[in-house]
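See structure below.
The values are calculated or read from the model by the stated rules, or taken from the named source; none is laboratory data. None of these values were measured; they are calculated from a predicted model. Don't worry about glycine lacking a Cβ; one is built from the backbone with ideal geometry, like all the others, and counts go over all protein chains shown. Surface accessibility is based on the protein's heavy atoms, side chains included, excluding ligands, DNA and RNA. Shrake-Rupley method; radii C 1.70, N 1.55, O 1.52, S 1.80 Å.
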2 protein chains.
Amino acid sequence: MINWKIRKDGFDYNKIAELGNRFLIGNGYMGVRGTLEEFEKEQLVAVNLAGIYDQVGDSWREPLNAPNGFFGYLEIDGKPYRLPEEEPKSHSVELDYRHGIFKRETVFKTGRGEVTLVCERFVSMEQIHVGAMRFTIRANFHADINLITGIDSDVWDINGPHYKKVSMDEESMLNITATSEEKEYQVSVVADEKTDFPCEKKLYQERMKSLRIVSFITDIDREYCVEKFFAVYTSKDTKDCYKAAKEAVSRALNQGYEAMLSEQKESWEKLWEDAEVLIDGDDRSMEALNYSEYHLMSIAPRHAESMSIAARGLSGQTYKGAVFWDTEMFMLDFFLMTNPAVAKTLMRYRIDTLDGAKKKAKEYGYQGAFYAWESQEGGFDACSDYNVTDVFTKRPMRTFFRDKQVHISAAVVYGICRYVDFTKDDSILIEGGAETIIECGKFYYDLLQQKVGSEKYEIHDVIGPDEYHERVNNNGYTNRMAKFTFQAAVELIKKAKSEPERFLKNMDQAEMEQLEKAFQDAYEKIYIPMPNEQRIIPQFDGYFDLEDTTVEEVRSRLLSPKEYWGGAYGVASHTQIIKQADVVTWLSLFPQDVTENTLLANWKYYEPRTEHGSSLSACMYAMLACRCNMPEKAFPLFLKSASADLQGGGKEWAGLVYIGGTHPAAAGGAYMVALRGFAGLRFENHQVTVKPNLPAHWKGMKFRVCYENEKYEIEISQEQVSVQKIRSLS
Amino acid sequence: MINWKIRKDGFDYNKIAELGNRFLIGNGYMGVRGTLEEFEKEQLVAVNLAGIYDQVGDSWREPLNAPNGFFGYLEIDGKPYRLPEEEPKSHSVELDYRHGIFKRETVFKTGRGEVTLVCERFVSMEQIHVGAMRFTIRANFHADINLITGIDSDVWDINGPHYKKVSMDEESMLNITATSEEKEYQVSVVADEKTDFPCEKKLYQERMKSLRIVSFITDIDREYCVEKFFAVYTSKDTKDCYKAAKEAVSRALNQGYEAMLSEQKESWEKLWEDAEVLIDGDDRSMEALNYSEYHLMSIAPRHAESMSIAARGLSGQTYKGAVFWDTEMFMLDFFLMTNPAVAKTLMRYRIDTLDGAKKKAKEYGYQGAFYAWESQEGGFDACSDYNVTDVFTKRPMRTFFRDKQVHISAAVVYGICRYVDFTKDDSILIEGGAETIIECGKFYYDLLQQKVGSEKYEIHDVIGPDEYHERVNNNGYTNRMAKFTFQAAVELIKKAKSEPERFLKNMDQAEMEQLEKAFQDAYEKIYIPMPNEQRIIPQFDGYFDLEDTTVEEVRSRLLSPKEYWGGAYGVASHTQIIKQADVVTWLSLFPQDVTENTLLANWKYYEPRTEHGSSLSACMYAMLACRCNMPEKAFPLFLKSASADLQGGGKEWAGLVYIGGTHPAAAGGAYMVALRGFAGLRFENHQVTVKPNLPAHWKGMKFRVCYENEKYEIEISQEQVSVQKIRSLS
């Protein structure tokens, strides 16, 4: 049986950053790291906001962290008791990931006795601006307690400080309104608490904090509960965000903690109804997988019409809070299969940022749409030309993610096509998806090179998924995705020609004909690297000429553990060692391109040569392993993906740049492997079928999926398989 | 009046390496660094041999240094007196660069008095295997002298030791025969000395040295002369090199030092007859220029049919003793104008290494001939893929000189065409020059890329002369040189069609037609970057997008003085700061490509953005400055080129790789500037003309040049200019 809870006993200073990710709570609007209430920015506290970015000077633009409305700590007999300064007698944290509820329990020992502090908290799924918390305090002596509770606007920033102005209004409610540096966004946080026992309260301000002391003397072993609510609104949400926050807190105070907790549980139960995956025979996998889904649901932009998900979710400002190809290639399937409305929101984000992509293309002298490698508001590419800091010289290193990782536009096309295929909802094409596909097609067409006298169309000077090899020619994955884009564009134009009133209404016939011809020509002539005699496809031109060595050997050459493996001179750069699935990603997406033997040969060749230095890697290998009937080979890779955030231990540094946080793409990848890999789910010809290929110790699976506006329940046991349509969506 | 001598008084330990270059003597067969007789490998002694290379393990292949036959030192009253260990009372070195004679004079102070040691030495221009030396010893007391003289086979190697076996024969002559590691070349050095006063002699061996002690007691203030001769032969020269060396030493002993010295002076006088350049009004320039010519003549392969000159001449193993584009683009003019036979020898080297160039092209998957960036025997490319060592990590850095500096093949074509134009001797085309041009044309044709749908032919992913910017597209210089190659190939085919019995006899008509058509097409369509509105030609695609800063600013960013400025992350790499003339080299070669205003605008733009980090840079700027009628701007750049070896202070390090040595390309460049720039020499329509453009303080010039098998004497004064044919060569 699934436990639905994770717990960590004891306090370890060195685990603060890791637990902040692992015990994250979120509701799509905000994510709150699993840090303790008394922590401040040094402990990487963050109330990370979705889709609102700010830049300070020439530093990287990144999402705002809101002032922390969960801030609070105890004073006992006049002395503060706070971790990490104070060693606790006992301590534990717990996350109920069925319902997004975080709890900490700490016993402090004083000269006079013991005081137990329990804080339970969540950010509401129903009232997305609101966080709720309950402090419970108990002492085995007559303790003189000051509970300091408040809002801390001295927030953790990677490239901050983002608030150039912080104001606190003299009202009875705690409040902070902060104004951001670049765009002058206002972020208002209001908080108030409720007590049902006699106490003294006093408002005060200190070091960018709006605080209240709640003072009382405890009876022996009696529990004192303080309920606290806060609300966050930004000027992007509403004009008067301070007022909105006050009203939200008032409503919450009326509703009370218990009622809001019930509402929270109900909301999550509704989500799990479509998302829960039961695995018979492997609790560990089941827990890891559902925990992964928890993270995806915690950060899904359920509240927005057009928004995407950052590569590190809502776990902080790492990776600039930007949207990568992760969304389309790794997370989209989960939402398509559990919550297509969210999938549509994700795709709308790309359509709405088409202008940004066209602008970026133009900036580089290209036609069409070149999507941002690290996409922020409006499709602005947050990716810097210097995205890694050299460990040895501390200098920024010129990287080429922004200008050469051209496969991003194809990922967008892939996502849109997949959405339409899966949902049969082609409204998204009419809303701008059709134009997006055409513009991406133009972009790839403009990248095509041919050797004088040759008929072969090539794409040079790119970075593929394996980022350790920069500026390569004819990266198989990239060329294949470009070919896919040409195909999608040709099919779209055909569709538009037969339904001219619906699609591409603004494009004239001649242009359509010309583009169809060009895209068809490109589709036919684009060079796709072929397998060699050993059936291995070279990842790019000249790949086989590189040193053929092992991941261990390459690792042993590191002079610093934080050293970047890629770039021009990285330890992997001139070897066949790759960061992540590249050819295997291609083959995982398009297995029909080659024979079964070739699929297998490439898996076997590339797997031992892959560092899996990206959390996007293992799941692609697992997918292809399933396709090659090797569920046992897939299993550890699946578990690695599913446990990316549960285990911790992922890469925290690229050069000197901190890249820690949660890994929603790995979570999405694990889901794909479980359902499409092991369960063998297929969606073809308007039918859902399963062809299970479970690891030997899995006795069965049970889950639901959405497809073409219907919902299905699938049950796999050792005896039989059932696919049942349970109801229509809409 | 010219002094013809340089001298350095006093002894400075830190100048040992620099003086080794500045006081070099050579005869084309070998170069002997201007180090002292008692020096050993720690002081970078080298008897550097031309055109014979050896490799140890995986280290770089480099030319052999022969055992040092000039080795010797004094013992006075039983105690050795050697620099640098012993502080001399006075010390000086002198080079008579009119005749290639090195002399050192040192006074040692002992407890009993003073002893003066004078050594005069030269390597014979007439007997290229022989070195001759005269020790002169004088004491102002009855000194007990041991003159230790011998051969030192414990030679300086950069990537050695190269001798795996050293044998010494028990004969009366000093002798060492050493066997090289890789190719098992034998190098025999035999030496003997001649005394005309009573003394005791004893042979012995010590630490890889074959030695003799010559012992005597001095009369007060009497001079004791010991003549010493050595000969070097290798197994590349003759089968029994030991025997040949013994015979050469015997002959030298018979001839005697004085006779050989006269012969030496005569030989050099003959060379100067055609090379001397007199400048009226600027002795400093005149001396620097003739000193530069001295170096070129000291390393010219006068003895060979087919040989070229290493980038650091015969000053040691730096740059692997390899031949670069320096020969064709910087040194060739000097030899064409003073000694066309040497020019032919240089060009034959390229023709004879065509196979190596074809092999290299094939290795990279190209058609035609891709000449070695660092050419050794047989056209073997000594350039490593890792040619620079990173200062910070001590790791080899992947560099692209070998694979991307494709302009080298065009330099070969340019050299051949220039030789034929200049001498009207087209025998070199028949000997293989024609095939060389065609193969280089094929190579460039195979590099041509076009964007799908475009008619423009481009060349991508190259390094131009400015090596600080790697892997650029459409480097103007490279594209222009490729265009030149296409033109040369088309003209050659036309010539071959009209004289089918003489040229390209093995090519059938159809192939000729097909190639002519392709080359003509390429000539017409190859993209040559155009000036922008400010008339500036971008050095490559995107050059103007790079940071526009100053050389000083870039230099200030260095963290280590030995740091490489280029590569992927060098301080110059992402700025407009360039290493050396690039667009300006193009415009200096083909000024008629653009208007006069454009020439000037580009000079003015690029000059302050050039580090002149290569000794090849200043002369090209000086050439173009002359072309733009700015002799005063040209002058300091000319003087810099002419003084490259006279002044020292050039770059000695690229990363952690030692690159010090002499700079024959700068010497050749200085000669070009003086004659073609300042004197305004033109060779057109079978006529020699001058259009002087002298720096204001130059009152006149006088020199001789060869052209089309005739010799001319040119005299420029403030009043008049005369060009006189003085005799026919042949």
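Indicate the residues belonging to segment A:359-405 that lose 10 Å² or more of solvent-accessible heavy-atom surface (probe 1.4 Å) upon moving from the chain alone to the assembly of all protein chains, ignoring ligands and nucleic acids.
Checking the loss per residue gives A:Y386, A:F392, A:T393, A:R395, A:M397, A:R398.
Along segment A:178-193, what does the Karplus equation 6.51 cos²θ - 1.76 cosθ + 1.60 (θ = phi - 60°) give for ³J(HN,Hα), rounded to whole Hz, x for Gly and Pro?
10, 10, 7, 5, 7, 9, 6, 5, 9, 10, 9, 10, 10, 9, 8, 10
Roughly how big is the B-A contact, given as buried accessible area in Å² (both sides, 1.4 Å probe, nearest 100)?
Result for this pair: about 2600 Å² buried.
Using every pair of alpha-carbon atoms in the protein assembly as shown, split the distances into 20 Å bins beginning at 0 and state the percent of pairs per bin, rounded to integers.
Whole-percent P(r) values from 0 Å outward: 9, 29, 27, 20, 12, 2, 0.
Distance cut-off 23 Å, Cα to Cα: go down the list A:K456/B:K495; B:K442/B:K525; B:K103/B:K265; B:K239/B:K320; A:K8/A:K640; A:K651/A:K699 and report the pairs above it.
Pairs exceeding 23 Å: A:K456/B:K495; B:K239/B:K320; A:K651/A:K699.
For segment B:143-190, compute Rg over Rh where Rg is the Cα radius of gyration and Rh is the Kirkwood radius from the inverse mean 1/r over Cα pairs.
Here Rg/Rh amounts to 1.10.
For segment B:52-111, report the % of Cα-Cα distances exceeding 14 Å. Intermediate results must be reported in sequence, preceding the final value.
Details: 1266 of 1770 pairs.
Counting pairs separated by more than 14 Å, the tail of P(r) holds 72 percent.
Any residues in segment A:422-462 that have 50 Å² or more less accessible area with all protein chains than in their chain alone, probe 1.4 Å, and which are they?
Listed in order, they are A:Q449, A:Q450, A:K451, A:V452.
Calculated from DSSP H runs of 4 or more alone, at -39500 (n - 2.57) each and per residue, what is the 222 nm mean residue ellipticity of the protein assembly as shown, nearest 500?
Calculated from helices alone, the mean residue ellipticity at 222 nm is -9500 deg cm²/dmol.
Relative contact order (percent) for segment A:426-512, with alpha-carbon contacts under 8 angstrom and 6 or more residues of separation?
Contact order relative to length: 26 percent.
Taking all pairs of different Cα atoms in segment B:346-487, averaging 1/r and flipping that mean, what Kirkwood radius in angstroms comes out? It would help to have the intermediate numbers written out before the result.
Working: mean 1/r = 0.0635 Å⁻¹.
Radius from the Kirkwood sum: 15.7 Å.
Calculate, in whole percent, how much of the Cα-Cα pair population of segment B:467-604 lies beyond 25 Å.
Numbers: 4229 of 9453 pairs.
Roughly 45 percent, once rounded to a whole number.
Over chain B, what per residue volume does the convex hull of the Cα atoms give, in whole Å³?
Dividing the Cα hull volume of chain B by its residues yields 165 Å³.
In whole angstrom, how long is each semi-axis of the equivalent ellipsoid of segment B:115-163, when you take the square root of 5 times every eigenvalue of its Cα gyration tensor and sort them from largest down?
Largest first, segment B:115-163 gives 29, 18, 8 Å.
What Rg and what Dmax come out for segment A:1-66 when only alpha-carbon atoms are used, in angstroms?
For segment A:1-66, the Cα-based Rg and Dmax read 14.3, 52 Å.
Which order, highest average first, do B:592-598, B:442-448, B:315-321 follow once you tally other Cβ atoms within 10 Å for each residue and take the mean per peptide?
B:315-321, B:442-448, B:592-598
Once you average over the residues of B:567-579, how many Cβ atoms of partner chains fall within 10 Å of each Cβ?
2
Which value in nm describes the separation of the simple spin-label points at B:K202 and B:E431, placed 7 Å from the Cα toward the beta carbon?
Between B:K202 and B:E431, the label points sit 5.4 nm apart.
For segment A:559-612, taking Cα atoms only, what is the radius of gyration to one decimal and the Dmax to the nearest whole Å?
Considering segment A:559-612 through its Cα atoms, Rg and Dmax are 13.6, 42 Å.
Among B:K5/B:K633; A:K404/A:K517; A:K358/B:K483, which pairs are too far apart, with a Cα-Cα distance over 30 Å? Before the final figure, lay out each step's value.
Working: B:K5/B:K633 28 Å; A:K404/A:K517 27 Å; A:K358/B:K483 36 Å.
Too far apart for the 30 Å limit: A:K358/B:K483.
If you roll a 1.4 angstrom probe over the protein chains with everything in place, what fraction of the accessible area of the protein assembly as shown belongs to carbon and sulfur, to the nearest %?
The value for the protein assembly as shown is 46 percent carbon and sulfur by accessible area.
When only Cα pairs under 8 Å and 6 or more residues apart are kept, what is the percent relative contact order across chain B?
11
Considering the options B:S560, B:N685, A:N140, tell which one lies farthest towards the positive end of the dipole of the protein assembly as shown, charges being +1 on Lys and Arg and -1 on Asp and Glu at the Cβ, about the Cα centre.
B:N685
Place a +1 charge on the Cβ of each Lys and Arg in the protein assembly as shown and a -1 charge on the Cβ of each Asp and Glu, then give the dipole magnitude about the Cα centre in debye, rounded to the nearest 20.
Working: 176 positive and 224 negative charges, 72 e Å.
Here the size comes out at about 340 debye.
Multiply the residue separation of A:S728 and A:D144 by 0.36 nm, subtract the distance between their alpha-carbon atoms, and state the gained length in nm to one decimal.
The span from A:S728 to A:D144 would gain 204.3 nm if fully extended.
Starting from the Cα of A:K109, move 7 Å in the Cα-to-Cβ direction to define the label point; list residues of segment A:1-21 whose amide nitrogen is under 17 Å from there.
Under cut-off, by backbone N: A:10-12.
State, to one decimal in nm², a quarter of the convex hull surface area for the C-alpha atoms of segment A:442-525, i.e. the direction-averaged projected area.
Details: hull surface 24.9 nm².
Averaged projected area of segment A:442-525's Cα convex hull equals 6.2 nm².
Where nothing but the Cβ of Lys and Arg (+1) and of Asp and Glu (-1) is charged, how large is the charge dipole of segment A:618-730 around its Cα centre, in debye to the nearest 20? Don't jump to the answer; show the numbers that get you there.
Values: 13 positive and 9 negative charges, 22 e Å.
In total the dipole reaches around 100 debye.
How big is the dipole moment of chain A about its Cα centre under a simple scheme where the beta carbon of each Lys and Arg is +1, that of each Asp and Glu is -1, and everything else is neutral? Debye, nearest 20, please. Working shown, then result.
Details: 88 positive and 112 negative charges, 65 e Å.
Using Cβ point charges on Lys, Arg, Asp and Glu, chain A gives about 320 debye.
To one decimal in nm, how far is A:R555 from the same spot in the other copies, if labels go 7 Å from Cα toward Cβ? Please give the shortest first.
Listed shortest first, these distances are 4.6 nm.
Please report, in whole Å, how far the alpha carbons of segment B:340-408 spread along each principal axis, starting with the longest.
Per principal axis, max minus min of the Cα coordinates gives 47, 29, 19 Å.
Per-residue counts of other Cβ atoms within 10 Å, averaged by peptide: what ranking do you get for B:284-296, B:21-33, highest first?
My ranking of the peptides, most packed first, is B:21-33, B:284-296.
Given segment B:583-730, what whole percent of its Cα pairs are spread farther than 20 Å?
Above the 20 Å cut-off, segment B:583-730 has 54 percent of its Cα pairs.
Once both labels are modelled 7 Å past Cα along the beta-carbon direction, what's the A:E684-A:A696 spacing in nm?
2.9
Take the cross-link list A:K202/A:K228; A:K164/A:K201; A:K424/A:K505 and give me the ones stretching past 22 Å between alpha-carbons.
Over 22 Å Cα-Cα: A:K164/A:K201.
If packing is taken as the mean number of other Cβ atoms within 10 Å per residue, what is the order of B:185-193, B:266-274, A:207-215, highest first?
B:185-193, A:207-215, B:266-274
Jot down the radius of gyration and Dmax of segment B:1-139, Cα atoms only, both in angstrom.
16.0, 53
State, to one decimal in nm², a quarter of the convex hull surface area for the C-alpha atoms of segment B:311-427, i.e. the direction-averaged projected area.
For segment B:311-427, averaging the hull's shadow over all directions gives 8.1 nm².
What number results when the radius of gyration of segment B:524-609, computed over Cα atoms, is divided by 2.2 N^0.38 Å?
So the Cα radius of gyration is 1.19 times the expected 2.2 N^0.38 Å.
Calculate, for the protein assembly as shown, the solvent-accessible area per residue in square angstrom, rolling a 1.4 angstrom probe over the heavy atoms of the protein chains. Kindly include the intermediate steps, with their values, before the conclusion.
Working: 52640 Å² over 1460 residues.
That works out to 36 Å² for each residue.
For A:D12, which inter-copy label distances result when the label point lies 7 Å beyond Cα on the Cα-to-Cβ vector, reported in nm to one decimal and in ascending order?
Between copies, matching label points for A:D12 lie 6.2 nm apart.
Report D for segment A:158-251 in µm² per second (integer): Stokes-Einstein, Kirkwood Rh on Cα pairs, 25 °C, 0.890 mPa s.
For these conditions, the coefficient is 166 µm²/s.
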